[in-house]
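First comes the structure, then the notes that go with it.
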Amino acid sequence: MKNNNLKPLKIITFACLILVISSGYAQSLSINFENSDHTLIDYDDGGYGSIVDNPFRSGANLSSKIAKIIRTTGNLLEDNDAWAGSKLVLDDKLNFEELKFITMKIYTSAPEGTKLTIKLENGMGPFQQVDAYTRVSNDWHTVQWDFTGTPPDFNELVFMFDRDNVGDGSEESTFYFDDIRHVTKKLQLQIDLPVTFDESRYDYTMVSFEGLGVAIRTNDPDPDNANNKVIKVKKPFGAGEYAGLHIGTREGFASTIPLSMSNSRMSVRIHAPFPGIPINLKVENSDNPTLSCETMKVTTTQGWQTLIFDFKEERTGTQPLENALNNGLKANLAALFFDFGNPGRDEVYYFDDVKFLD
């Protein structure tokens, strides 16, 4: 006769296995709201979250679905509106042993420097929260929270944007977000003026067009100083007459270039193969390239030189700065064109130290 009785040791082992299975494994995080798997739960009085069509689809975020939180005064009898937000409940707990950072894309009209809090909970009382801050208004940008040292005890993500202030339901109290990620490395920051290429915390990715070869590798050393980091570009045979590059990604600079009729100049150090080369500098709104202004200078020597670009001296046939400003120019993106108007001749250029001269 078969004995179906389990010995005590086997019973204990089996019970432990069930406990491990039922307790939930710590997990990584990747959420983009393109499906219906995620639901936002309103958190505290005055926070209203939903999944919506993306009204700001651009090169920085082409997702069709995103999350949205509107913060309002809520029930005036409540006293916790300043912490209002929304939350996601995950199936499993988050593990921060190797993946120490959470990143997400944010879009809001709230002022630059608005506090963004992520609070981790588990429904049982303990919590962990970290603050980050917006770097730009009215454009998509990636924000990062550092959860180094956080125990794997939490499966609820609470989003408290503009924490400590009571929302009023306006555009400045509305936050769109997407692409929540759990990552291992600290995020490189979006570049801003002045740009020197010497700080590893910034993302110096360049975006070229019309056949320009960018950087061969980014942050190439200065040909005259191995300790200085610069960007190397090549305009090969076959490159277009208007081949150039955006200084940074299509997101542009973290801050708007403060151009005005009284402060209209920028400078760039250029290393050119010979004198007499036209270099064109264009600034534009990253979300609307028709709002732009261009100016051009010509190299005066071989090797390094600092070119001063004054946008009140617009390139012939382009929009005057005053008109551009009146039409809504709030430039946060710049592009350089080497040997402007001529096809590629296999020349190599370097550039460094992009500055606004106030």
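Tabulated data for the structure shown
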quantity: Qualifying residue in the range 346-353 (condition: surrounded by fewer than 16 Cβ atoms within 10 Å (Cβ to Cβ), in contact with an Asp or Glu (Cβ under 8 Å, 6 or more places away or on another chain) and of a type outside the set (Phe, Trp, Tyr)); calculated: no
quantity: Which listed residue, of Lys87, Lys105, Lys65, is assigned by TED's automatic domain parsing to the domain that holds Asn155 and more than 30 Å from Pro151 (Cα to Cα); calculated: Lys65
quantity: Selection status of Arg250, surrounded by fewer than 15 Cβ atoms within 10 Å (Cβ to Cβ), of a type in the set (D, E, K, R), under 12 Å from Ala335 (Cβ atoms) and under 17 Å from the mean Cα position of the chain (by Cα); calculated: yes
quantity: Filter result for Ile70 (β-branched (Val, Ile, Thr), modelled with pLDDT of 90 or more and either crowded, with 19+ Cβ neighbours inside 10 Å or touching a helix residue (DSSP H, G or I) at 6+ places or on another chain (Cβ under 6 Å) (or both)); calculated: yes
quantity: Meets criteria (touching a Lys or Arg at 6+ places or on another chain (Cβ under 8 Å), of a type in the set (D, E, K, R), more than 20 Å from Arg135 (Cα to Cα) and assigned by TED's automatic domain parsing to the domain that holds Gly149) for Glu34; calculated: yes
quantity: Failed item, numbered, when Asn326 is tested on (1) closer than 30 Å to Arg57 by Cα; (2) free of Cβ contacts under 8 Å to residues at least 24 places away in the same chain; (3) surrounded by 17 or more Cβ atoms within 10 Å (Cβ to Cβ); calculated: (3)
quantity: Failed criterion for Gly125 (all others in (1) closer than 24 Å to Ser50 by Cα; (2) small (Gly, Ala, Ser); (3) over 20 Å from the mean Cα position of the chain (by Cα) hold); calculated: (1)
quantity: Pairs, first within 24 Å of Asp224 (Cα to Cα) and in contact (Cβ under 8 Å) with a residue 40 or more places away in the chain in the range 297-323, second of a type in the set (Asp, Glu) and surrounded by 14 or more Cβ atoms within 10 Å (Cβ to Cβ), C-beta under 8 Å, six or more apart; calculated: Thr306/Asp353
quantity: Members of the range 88-120 found to be crowded, with 19+ Cβ neighbours inside 10 Å and small (Gly, Ala, Ser), listed by number; calculated: Ala110
quantity: Qualifying residue in the range 121-132 (condition: touching a residue at least 24 places away in the same chain (Cβ under 8 Å), surrounded by 20 or more Cβ atoms within 10 Å (Cβ to Cβ) and assigned to a strand (DSSP E or B)); calculated: no
quantity: Scan of the range 165-193 for residues that are crowded, with 18+ Cβ neighbours inside 10 Å, over 25 Å from Glu34 (Cβ atoms) and of a type in the set (Ser, Thr, Tyr), ordered by number; calculated: Ser173
quantity: Number of the condition not met by Val348 [criteria: (1) free of Cβ contacts under 8 Å to residues at least 40 places away in the same chain; (2) in a strand (DSSP E or B); (3) of a type in the set (Val, Ile, Thr)]; calculated: (1)
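Each row is one residue, and each column tells you yes or no for (1) in contact (Cβ under 8 Å) with a residue 12 or more places away in the chain; (2) crowded, with 22+ Cβ neighbours inside 10 Å; (3) farther than 18 Å from Val195 by Cβ.
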site: Ile231; (1), (2), (3): yes, yes, no
site: Ala239; (1), (2), (3): yes, yes, yes
site: Leu245; (1), (2), (3): yes, yes, no
site: Pro258; (1), (2), (3): yes, no, no
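The values are calculated or read from the model by the stated rules, or taken from the named source; none is laboratory data. Note that the structure is a prediction, hence the values are computed from the model and not measured. A quick note on method: Cβ atoms are made from the backbone with ideal geometry, for glycine too, and the neighbour counts reach across all protein chains shown.
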